[in-house]
Structure formats: C-alpha cells, structure tokens
1. With respect to residue 85, is the statement that it is touching a residue at least 12 places away in the same chain (Cβ under 8 Å) and either out of contact with any helix residue (DSSP H, G or I) (no Cβ under 6 Å at 6 or more places or on another chain) or surrounded by fewer than 20 Cβ atoms within 10 Å (Cβ to Cβ) (or both) true?
2. Quick check: is even one residue across the stretch 113-120 within 17 Å of residue 92 (Cα to Cα), buried (at least 16 other Cβ atoms within 10 Å of the Cβ) and more than 13 Å from the chain's Cα centre (by Cα)?
3. Counting residues that are at pLDDT 95 or above and within 21 Å of residue 140 (Cβ to Cβ), which strands (runs of 3 or more DSSP E) fully inside the stretch 56-130 reach at least 1?
4. Could you say whether any residue in the stretch 169-179 is touching a strand residue (DSSP E or B) at 6+ places or on another chain (Cβ under 9 Å), surrounded by 15 or more Cβ atoms within 10 Å (Cβ to Cβ) and either under 21 Å from residue 64 (Cβ atoms) or at pLDDT 95 or above (or both)?
5. Exactly one of these conditions fails for residue 123: (1) farther than 16 Å from residue 79 by Cα; (2) under 17 Å from the mean Cα position of the chain (by Cα); (3) exposed (fewer than 13 other Cβ atoms within 10 Å of the Cβ). Give me its number.
6. When only residues in the stretch 131-166 that are closer than 23 Å to residue 70 by Cα and not in a strand (DSSP E or B) count, which is nearest to the chain's Cα centre (by Cα)?
7. Over 21 Å from residue 134 (Cβ atoms), surrounded by fewer than 22 Cβ atoms within 10 Å (Cβ to Cβ) and in contact with a strand residue (DSSP E or B) (Cβ under 6 Å, 6 or more places away or on another chain): does that describe residue 92?
8. Can you tell me which of (1) under 25 Å from residue 110 (Cβ atoms); (2) at pLDDT below 95 is the one residue 150 doesn't meet?
C-alpha cells in the first residue's frame, strides 16, 4: 500500500509540472519605446513625405503629412532638432490688408484620431529657426515632434531645393535677427504647392 501511494504521488507531481509551466504569470506586454508614459501609442503615429527646404542660414521650413492612427485626439505643440536652435509651429493666414502672412500658432495644431495633419507651403508648417550651418539638398534632418499629452514622434526629413515657401511675417511676428534676404520674404500664396509636389522639386 505504501508503494502504491508513493507511485501515485510521484505521478501527480510529474503531471503538475507541465501544467505549472503553462499556467505561469503572463509575460509583460511589449511596449513602444517611442511613446512617453501616459501618451498615445507612438507606433500608430506616422509621417509621410517629410522634407525641409534647403537654406544657407537664418531659418527655413519643414513640410509633410502626419497621420494619427490612434484612437486619441492629439495636439502637436512643438518640435526639436539639432539642425536649428528652435522649431516653431507656423500658419499662414490673411493679414487684414488682402495679403497673406506667416505667424506662430498659438495652442498647437490639432491632429484628430484617425486623421491627418498636412504641413505645406502656404499653410501650416514647421519653422526651423537659427540654423547653425547650411542645409543642402540631399542632407537628412532628424526632427522630434512633441504632443500635448507627452507623446513624441521622431522622423528623418530630406532637405530639398524649393523656390516657393517665401513666407512673410505678420506684423509683430518677425523674429529677432531676421534677414530680409534669407529667402523668406515675398511669398506668393497663389504658388500653393502640396507637400508631395514641393518635395519633388529638387
């Protein structure tokens, strides 16, 4: 009888081992390193046709399409890059005199869930201020977008030649050190190029 009980105990122990292995604690879910704590899933945020207008000095602009594949409404509030001392969000709007002028956006740019944010000449765009060295066609610029909820999205933009995007500043919006000959005056809003159209002009 003792031998039978011992064998039965051994059998039960052997059967419990694979069950324990299958019933262990679940592995931690994979996380997206690009998403900050509490932010949206950065993996569902994408960029398309991102490019920067070539410039020798001063400032220049960045364009492209940002797509929000998350189920959360987002607000783009800023950006940063080593290629400029500051990046501002700008818009082009009527200046009250029948013309169009560029000014910094207040409160950020909305990016609704499942929607897109178009950055284009004559519209919303990134403004790279204080370029420390020339940005030549063929260069690549790393930029990180910053959203209101803490989400960040990094991407690489190609530098391209583009004759448009000659922005005028609205009164009181012109930054310190602005050079009227640096290629950002005399913008004709009727040149209206989309991001992909301007990106092909290199």
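1. yes
2. So far as the stretch 113-120 goes, yes, one or more of its residues are within 17 Å of residue 92 (Cα to Cα), buried (at least 16 other Cβ atoms within 10 Å of the Cβ) and more than 13 Å from the chain's Cα centre (by Cα).
3. Where strands (runs of 3 or more DSSP E) fall fully within the stretch 56-130 and carry at least 1 residues being at pLDDT 95 or above and within 21 Å of residue 140 (Cβ to Cβ), they are 59-68, 74-80, 86-94, 116-119, 125-129.
4. no
5. Only one criterion is unmet by residue 123, namely (3).
6. Here the residue is 151.
7. On the way: over 21 Å from residue 134 (Cβ atoms): yes; surrounded by fewer than 22 Cβ atoms within 10 Å (Cβ to Cβ): yes; in contact with a strand residue (DSSP E or B) (Cβ under 6 Å, 6 or more places away or on another chain): yes.
Considered against the rule, which asks whether it is over 21 Å from residue 134 (Cβ atoms), surrounded by fewer than 22 Cβ atoms within 10 Å (Cβ to Cβ) and in contact with a strand residue (DSSP E or B) (Cβ under 6 Å, 6 or more places away or on another chain), residue 92 comes out as yes.
8. (2)
The values are calculated or read from the model by the stated rules, or taken from the named source; none is laboratory data. The shown structure was predicted, so the numbers you read here are calculated from the model rather than taken from an experiment. Heads up, the Cβs are rebuilt from the backbone with ideal geometry, glycines too, and the neighbour counts pull from every protein chain shown.
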